[in-house]
Structures are given as structure tokens and as C-alpha cells.
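The next block holds one structure in the form of C-alpha cells; read it before the comments.
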2 protein chains.
Amino acid sequence: MFKRKISSIMKKKQTSPNISKNFMDHDHELCFESALKDFKQHFIEKELKLTPLRLKVFQLLLKDHRPLGAYQILDLLRKDGFSSTPPIAYRVLDFLIEHGFVHKIKKLNAFVACSHPGNSHSPTFMICRKCEKVAEINEKESGLKFNKETSSEFKIEEAIIELIGICKNCTKIEVI
Amino acid sequence: MFKRKISSIMKKKQTSPNISKNFMDHDHELCFESALKDFKQHFIEKELKLTPLRLKVFQLLLKDHRPLGAYQILDLLRKDGFSSTPPIAYRVLDFLIEHGFVHKIKKLNAFVACSHPGNSHSPTFMICRKCEKVAEINEKESGLKFNKETSSEFKIEEAIIELIGICKNCTKIEVI
DNA sequence: AAGTCAATGTTATATTATAACATTACTACA
DNA sequence: TGTAGTAATGTTATAATATAACATTGACTT
């Protein structure tokens, strides 16, 4: 109860919505709960079946904005009493990806919870090689545009965009 | 000799330099030879050792603008009498990638010869899901730009950009 | 209760990649 | 000329990632 209040206060303190929020200190409890609520809402709207396994995997990926490999997920599932053979993880991940709740980061062969579920999109990822966190930018935010020639010569159906570098937070820390 | 002449004539027939040349009919003999010449020149300039294995792997990747997996390369090496255990391919590929002669397409876990060797760059790839050919656009050509916010909040060191879709040539063919 | 179907469980194996060490073959230079 | 050093290649084994194929479960339907 009290915790909630603090969360709420902290929320007000935060700067304006920020594309790199995931990298910075933020009220992650709130962030987590809000994402989870969204997640559940989408299951209802789309009439999908929210099973314990699907919920668990999504929660694991929501944990701290760090991507998890399939086998890391399996280890965590094992600890929670789920079966933990590879197809279990890959099937749930495939399902969550298909419905836009999770993305795969090709650079890392790992998976993250989607930050903008619902918008079917070609997200751009920023991957900090230092703290290993990932932030997702949606198309409009990224300002990403290809020039006319590219668009006219090639019909883009899917775009994989992964930016590897150093996040604002780790830059601060780097200055020692 | 005569072949050369035809090539030369065909070259003149081609339209202006085109970002999606790789997808279209073009004088591939000339394309191949020119890329190979460049490749060799870079080895001289950078004082690298051009071994038969390195040359062979690059030639294989130059063949037809289609990416090859490491194990496909190994099969082809075997046919040419080279040793063909995985480290052979991966080591040569690592070397060629490190020096900018080859890129890895993450989407396909496969490798292509670089179209703009020498420019150290973050290339953008267009991958046709129909003919499976790949074309590389360099930074300037792509017109790709991130907005200020992205750039100020995250220090980009490497960008993986892979566009999956249908090339101009396959679009034409698609209309049946 | 029997049939259906989606979800999960299980076994086996495919695909991609690397670690660790051995051999070769070229270079330098004593 | 021979030998020490080193880069490249060769070899063996195994790690890491992913999928195929089939079995079981459990909820819902009729």
C-alpha cells in the first residue's frame, strides 16, 4: 500500500516519456505492472488463451529489460516447476512473438518483452553492450526513414533494426 | 576475348548505377571480376595475406549475390579439396568479416560478400525472400537517419539493418 | 461419455558455432 | 643451413541454438 504511494510519487518525479527509459532508473514495479496489465488486456481483446506458461514466460521477460535466451528461460521455468525441454520455450516464444508480445533480438539470439504491444510494427532496438539492457523504439519515435530510391526499388515487408552501443546511463558511469 | 567484348557492350546497356543491381540482370561476369580485383587490391594495400582458402571462400560468396551458410561453404570447400570441418569456415569468415570483405546476415545466419569493401561501414541489407538474393546499401545511399533524440540518448557503435521483402525483379515476376 | 482441439510434455535430432590442441608452412635471422 | 617463431590451416570434441515428430493432458462440445 505504502509502496504503491511511493511508486506514484516517483512517477511524477520522472522526466517526460523517454525513448530510453528502459536504460534509466525508473519505477520498474509500476512499469512491470502496467505492461502486465496491457498484456492481459490484449489477450482478452484478441480472445487468446492466457495460460500459466505464457504468463510466466512474459513475466520473466518483463523482469528487467534484459533479453533472455531460450535456454535461460528454460532454466527459470524449471525452477518454477514447469517442464523445461527446448520445445516448451520455443513454442511459447513463437506464440508470443506471433501475437506481438515479444521480440527476438537477432544480435543476441535472445528475447525481450515488447514495449508497445498492440501496434503491429517493425521495431528498432537499442542494445547497450555494457548493461545489456534493451530499449525498443517504435517507427514513429525513431525518425527512421529510407530514401525514395530504396522504397521504390524494394518492397519492404519486415525490417530488422538493432543498434548496438552504449546507453545514456552507462555513458555517465563510464566517466570515472 | 569475344566474351569480354559482349560484356563490355552489355555494360553500356545497363541503366545507371542502381542500389538494387544485385537483384536485376546484370553483367555478373564483370561484376564478379571487378569485385575480385578490388578484393585483391585491398589485400595488397592492407598487407594482408591472401591465401587460397581466403580467396576461395570469397569467390564462393561472390558467386551470385546469394548468402551462403557456413555449412554450405564447407560443402563447397570439400568439393575443392579443402579441409571442411567447421572451424575452417568460421575462421576464414571471421577474418573476412573483420577486414570488411564479408558480412553476416543475421536474419539468415548466412554470409555475403561485401559490395563496398574498404569503407568501414554499417551497411543496410535488402533481402529478397523470393529469389533469396541480397543487396547492400551503404549509409549514404540508404538515406537512413535517426532523429535527434535517438542519437542523443544512445551512442550507436554498430547498426544491424536488414530489410526483408520483395525485390523489383521478383515483383515483376509476381504479376502472373 | 465420446469426440475434438489446443496446449503442453517428451524424445530425438538438426543446425549453427566455438574451444582446445596439433600440424604445416612460411619468415626471419643466427 | 637450420632452427625458432608465428600465422594459417587441420583435427577432435563439444557447446549453444533450434526444430521435427509424436504422446499426453485437459478443457470444451455435443
Local electrostatic count, B:SER84, Cβ distance below 14 Å [Lys/Arg +1, Asp/Glu -1]: +2
Of A:ILE105, A:ILE127, A:PRO117, farthest towards positive along the dipole that unit charges on Lys, Arg, Asp, Glu beta carbons give region A:84-138: A:ILE127
Antiparallel bridge percentage (DSSP; both residues within region A:22-174; nearest 5): 65
Accessible surface buried upon B-A contact (total; probe 1.4 Å; Å², nearest 100): 3300
Cleavage-rule hits, GluC sites (Glu not before Pro), region A:29-82, DSSP coil, Cβ neighbours within 10 Å at most 16: A:GLU47
Pseudo-label separations to other copies for B:LEU30 - Cα-to-Cβ vector, 7 Å, nm: 6.4
With every protein chain in place, region A:10-140: carbon and sulfur % of accessible area (1.4 Å): 51
Distances in nm from A:ASP80 to the matching label points in the other copies, shortest first (labels 7 Å along Cα to Cβ): 5.0
Per residue solvent-accessible surface (Å²) - region A:22-174, probe of 1.4 Å: 51
Inter-copy separations for A:SER151, label at 7 Å along Cα-Cβ, nm, ascending: 2.0
Innermost chain A residue relative to the axis carrying A onto B, by Cβ distance in angstrom: A:LYS106, 2
Region B:27-174, relative contact order in percent, only Cα pairs under 8 angstrom and at least six apart counted: 20
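The values are calculated or read from the model by the stated rules, or taken from the named source; none is laboratory data. Please read these numbers as outputs of a predicted model, since none were measured by experiment. Every residue, glycine as well, gets a Cβ built from its backbone with ideal geometry; the counts of neighbours run over all protein chains shown. What goes into the accessible areas is simple: the full protein's heavy atoms, side chains included, and nothing from ligands, DNA or RNA. Shrake-Rupley method; radii C 1.70, N 1.55, O 1.52, S 1.80 Å.
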